[in-house]
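Let me begin by presenting the structure, written as structure tokens, before commenting on it.
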Amino acid sequence: MNNSDLQKLLSLSQKVQSGKATKDQTDQYMSLLLQNKSITAKQYSDYKSNRNVDDIVNAAVVIGGIVLLGYLLGKLTE
């Protein structure tokens, strides 16, 4: 994931977590996580099909936080 994608992920994560994200922003967030292989294709498909959306998005917020934390820890150890 490049720096631009990480910045976008951080911004979208904050909006999704606070409940202020639009449907399009949540879609972008989920798509970024899928592209980064942080969520599975099945999770993304279920999200797009409106199955267990709340549970999937809540899990995605946690996963996104872990991705961002991992990136920051990697930068600190460089």
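The values are calculated or read from the model by the stated rules, or taken from the named source; none is laboratory data. Owing to the predicted nature of the structure, the values given are computational and were not obtained by experimental measurement. Here Cβ is always computed from backbone atoms with ideal geometry, including for glycine, and neighbour counts include all displayed protein chains. Side chains are part of the model used for accessible areas, which takes the heavy atoms of the whole protein and leaves out ligands, DNA and RNA. Shrake-Rupley method; radii C 1.70, N 1.55, O 1.52, S 1.80 Å.
Scoring Leu33 on the criteria (1) in contact with a Gly (Cβ under 9 Å, 6 or more places away or on another chain); (2) modelled with pLDDT under 95 leaves a single failure, condition (2). All told, Ser31 meets the bar of being of a type in the set (Ser, Thr, Tyr), surrounded by 14 or more Cβ atoms within 10 Å (Cβ to Cβ) and free of Cβ contacts under 8 Å to residues at least 40 places away in the same chain.
Every condition in (1) in contact (Cβ under 8 Å) with a residue 24 or more places away in the chain; (2) surrounded by 15 or more Cβ atoms within 10 Å (Cβ to Cβ); (3) of a type outside the set (Ser, Thr, Tyr) is met by Ala21 except one, and the failing one is (1).
Residue selection: Lys75 satisfies the criterion of being on the phi < 0 side of the Ramachandran plot and loosely packed, with under 12 Cβ neighbours inside 10 Å. Taken over the stretch 34-52, the criterion of being under 17 Å from Ile66 (Cβ atoms) and loosely packed, with under 15 Cβ neighbours inside 10 Å is satisfied by Gln35, Lys37, Thr40.
In this structure, is Leu68 modelled with pLDDT under 95, open to solvent by less than 90 Å² (accessible area, probe 1.4 Å) and touching a Gly at 6+ places or on another chain (Cβ under 7 Å)? Steps first, please.
Working: modelled with pLDDT under 95: yes; open to solvent by less than 90 Å² (accessible area, probe 1.4 Å): yes; touching a Gly at 6+ places or on another chain (Cβ under 7 Å): no.
When the stated conditions are applied, Leu68 does not pass them.
The helices (runs of 4 or more DSSP H) found wholly in the chain and carrying at least 2 residues that are aliphatic (A, V, I, L, M) occupy 3-18, 23-35, 53-77.
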